[in-house]
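Q: This structure is in structure tokens; I'll ask about it shortly.
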Amino acid sequence: MPPSRNPTVLALVTAASFNKFDALPGEDDQHKAFDPASKNLWIGAFVLFFLWWIAQLGLYMFQMREPVIALAVERVDSTMTQKLARASKVARDCFTFMFVAAVMGTATGTTAVMGILGWAFTLLSVSWFGTSLYTTSPKVHVLASIATLPSIITFIGLSFSNL
């Protein structure tokens, strides 16, 4: 019997070449949980979560500086507090979309295209977050929403096609 067909030799060669980061023998390598594209999605989700956390921290800090007793009947927020509240909402929404995409990508297996779409969405989200700090125009937010939505829809469609 040739050595390559001997079950003992085959078991020893398989055990010697097994790396703890590889898939188990017999598993489908296409659907490993943390392939590089999946890692990119989780990094993007962490970046967006960090932006959301920073915006919330800034919002709380600016709210602490406002007087407790206001002279007017209505409370008028400062413009920076309004901008931080808007930026926090943007970061929260983008993080939520990216988190869903990362979970779906991890569950179904990702491709290089999905990793690129994840980075594109992260970059668009960071730019939307930055513009929300400097502008109050609702047109900018509508355009940013229109720009980010197709990447997430495409990503989720690709995730379902991998099932």
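Computed from the coordinates by the stated procedures, all read-outs in this text should not be read as laboratory data. Everything numeric here is computed off the predicted structure, so don't read it as measured data. Positions of Cβ are backbone-derived with ideal geometry, glycine not excepted, and every protein chain shown enters the neighbour counts.
Q: Need one number: convex hull volume per residue for the range 109-153, Cα atoms only, in Å³.
A: 53
Q: Note the full-extension length gain between THR154 and ILE54 as 0.36 nm times their separation in residues minus their Cα-Cα distance, in nm to one decimal.
A: 33.1 nm
Q: Could you derive backbone 3J(HN,Hα) for the range 137-154 from the dihedral phi with the Karplus parameters 6.51, -1.76 and 1.60 (θ = phi - 60°), listing whole Hz in sequence and x where the residue is Gly or Pro?
A: Ordered by residue, 3J(HN,Hα) equals 6, x, 4, 5, 5, 5, 5, 5, 5, 5, 6, 8, 4, x, 5, 6, 4, 5 Hz.
Q: While we're looking at this one, here's another question. Note down the nm distance, to one decimal, between modelled labels 7 Å out along Cα→Cβ at LEU133 and at ILE116.
A: The modelled label-to-label distance comes out at 3.0 nm.
Q: In Å and on Cα atoms, what radius of gyration and Dmax does the range 81-163 show?
A: 13.7, 44
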